[in-house]
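The values are calculated or read from the model by the stated rules, or taken from the named source; none is laboratory data. All values derive from a computational prediction rather than experimental measurement. Here the Cβ is made from the backbone with ideal geometry for all residues, glycine too, and neighbour counts use every protein chain on show. With ligands, DNA and RNA removed, areas are computed over all heavy atoms of the protein, side chains included. Shrake-Rupley method; radii C 1.70, N 1.55, O 1.52, S 1.80 Å.
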Amino acid sequence: MQNDKPLKLAIAGLGTVGIGVVNVIQSYGEILSARGGRGLEIIAVCARDKTKNRDCDLSQYDWYDDAVIMAKNSDADIFIELVGGSEGIAKNSVETALNSGKHVVTANKALIAHHGFKLAQLAEKNNVCLTYEAAVAGGIPVIKTIREGLSANKISSLHGILNGTCNYIMTVMRETGRKFDDVLDEAQQLGYAEADPSFDIDGIDAAHKLAILASLAFGTKIDFDNVYIEGIRHITPVDIDFAAELGYKIKLLGMAENTDDGVFQHVHPVMVPINSPIAAVEGVYNAVVTEGDFIGTTVMEGKGAGRGPTASAVIADIIDIAANRQPATFGVPTDQLINKPTLPMEKCTGLYYLRLMVVDKPGVMADITAALRDENVSLEAIIQRRRNPGAPVAVVLTTHETGEAEFCNAMNRIEKLEAISETPRLIRIARFND
Ligand code: HSE
């Protein structure tokens, strides 16, 4: 049913995504109002610098320099937060907007990961909604899919490529043999990376997104602080080549599993089988794979960053609100979210790849395998590439299923051996084949 009153929007943040949202609304107004059942009208915008050239006509909107004042004083129905960052302006303006009875749409994964539970309570108290489709996996409608499309299922686990910058870097490194730093510069120039690129390459951005997905998928209270996080700085062409030799590609994955005792949530590089769907996801693309009890496996893939995909997700949230589809922030009311602990990494089990630089002399391998034997770690394969008597050579070990704690104990012992010339490199191997 059509509502004659347009839905009034105030947009805070006029960077890549903010201008993308304005562009879509300016050019697709009629289609969007048909889909939402009412017109969409931008009434106010806000950014730090009014004089900046944004290649976009903003003259008909009220201008604010301060997002908190816009959140409070503007007559908008929805406050759209595209400022970013978990604290400061973003948090203050979202709290103000919710307290002023405005719905909030945000692309801010850091804000939701750190403060999502409290903000969801605030949204409930004020009888408005807080939605964040654009916060996870850019244009892929993964939030809506998990929250609504898969709502009949118990989701037991999920994993995904949640950071386009890292996936782009790993793809280019593998395809060209180039080094990490060189490719990172390129990703920044292409506009994929966060303002602070360490959020991308150290796995923090992916961890924000994983914590959000885990909460939604498992109905648990969001717990970002206990996500285990490793980034991709230490991935070298040597490991990428060994991975290929063993039939794998290396991807930075976010992985979450719901168990009786608690939730596993980790972000780290993983060797994935070359023929798995996730291995085919390259460049800036993201993907999310879920395991549900009725549906089985679902795979969602799409562009995870950039103006168009992120604006697409922001607009989808706006249209839902326009059409009165106004979900609970994490799928269920906050008092029904389960308080389950995040389990420590040491409790994990899995398959492991370990690459050592080892001085090539008799007896070294016996010392290495003794450490593994003492920790009850069963080896699957050992590869030594070249002979180089008296000098370091790369030796790779892969294991059968083993405990993380046992494996790390063995690795720490191996690292102390005199013949080990560099820090050993551990990369976990995926167990899934789908
Ligand atoms: N820096 C993020 C990425 C952007 O590379 O995926 C989208 O959150």
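For the reader, a short list of remarks on this structure follows.
- Under a model in which nothing but the beta-carbon of Lys, Arg (+1) and Asp, Glu (-1) is charged, the stretch 190-336 shows a dipole of about 500 debye around its Cα centre.
- For Asp181, solvent-accessible area (1.4 Å; no DNA, RNA or ligand), Å²: 110 Å²
- The stretch 274-343 shape via C-alpha gyration tensor axes, a/c threshold 1.5: oblate
- Carbon-plus-sulfur accessible fraction, the chain (probe radius 1.4 Å, protein heavy atoms only): 47%.
- Nearest-0.05 FRET efficiency for Leu190 and Asn376, computed from C-beta distance (R0 51 Å): 0.65
- Between the listed residues Gly36, Cys56, Gln26, the Cα displaced farthest toward the positive end of the dipole of the stretch 22-65, a dipole computed from Cβ unit charges relative to the Cα centre, is found at Gly36.
- Remark: relative contact order (the chain) = 16 percent; criterion is Cα-Cα distance under 8 angstrom and separation of 6 or more residues.
- Trypsin sites (Lys or Arg not before Pro) within the stretch 109-156, DSSP loop, no more than 16 other Cβ atoms inside 10 Å: Lys154
- Remark: accessible surface ordering of Arg373, Arg425 (largest first) is Arg373, Arg425, probe radius 1.4 Å.
- Heavy-atom surface of the chain, accessible at 1.4 Å and reported per residue (Å²): 43 Å²
- Among Pro277, Thr290, Asn258 - extreme Cα towards positive end, dipole of the stretch 239-291, charges at beta-carbon: Pro277
- Once backbone amide H atoms are built at 1.01 Å from N, Thr236 has no partners under 5 Å, excluding neighbours fewer than 5 places away on the same chain.
- For the stretch 335-352 and the stretch 105-150, distance of Cα centres in Å: 22 Å
- Placing +1 on the Cβ of every Lys and Arg and -1 on the Cβ of every Asp and Glu, with no other charges, gives the stretch 167-245 a dipole of roughly 260 debye about its Cα centre.
- In terms of its C-alpha gyration tensor, the chain comes out prolate, because a/c is 1.5 or above and the ratio a/b outweighs b/c.
- Difference of contour (0.36 nm per residue) and Cα-Cα distance, Lys416 to Ile31: 132.1 nm
- Karplus 3J(HN,Hα) series, Hz, for the stretch 76-84 with 6.51 cos²θ - 1.76 cosθ + 1.60 (x for Gly, Pro): 6, 8, 10, 9, 10, 9, 10, 8, x
- Near-label residues of the stretch 3-31 by backbone N, under 13 Å of a point 7 Å along Cα→Cβ of Asp62: 8-11
- Bridge orientation summary for the chain: considering DSSP beta bridges with both residues in this region, about 65 percent are antiparallel.
- Using alpha-carbon coordinates, inclination of helix 88-99 to the longest axis of the chain, degrees: 50 degrees
- Solvent-accessible ranking of Ser86, Ser59, largest area first, probe 1.4 Å: Ser59, Ser86
- These residues, Cys129, Cys408, go from largest to smallest accessible area, 1.4 Å probe, as Cys408, Cys129.
- Each Lys and Arg Cβ is given +1 and each Asp and Glu Cβ -1; about its Cα centre, the chain then shows a dipole of about 300 debye.
- Rounded to 10°, Cα long-axis angle of helix 109-125 versus longest principal axis of the chain: 40 degrees
- Estimated from the Cβ-Cβ distance and a Förster radius of 45 angstrom, the FRET efficiency linking Ser151 and Ala391 is about 0.15.
- Using 0.36 nm per residue and subtracting the Cα-Cα separation, the extra length available between Asp225 and Lys72 on full extension is 52.0 nm.
- Three-way shape call for the stretch 129-283 based on the alpha-carbon gyration tensor, with the a/c threshold at 1.5: prolate
- Placing unit charges on each Cβ (+1 for Lys and Arg, -1 for Asp and Glu) gives the chain a dipole about its Cα centre, and among Phe242, Leu356, Thr176 the Cα reaching farthest toward its positive end belongs to Thr176.
- Tilt relative to the chain, helix 307-322 - C-alpha long axis, 0 to 90 degrees, to 10: 50 degrees
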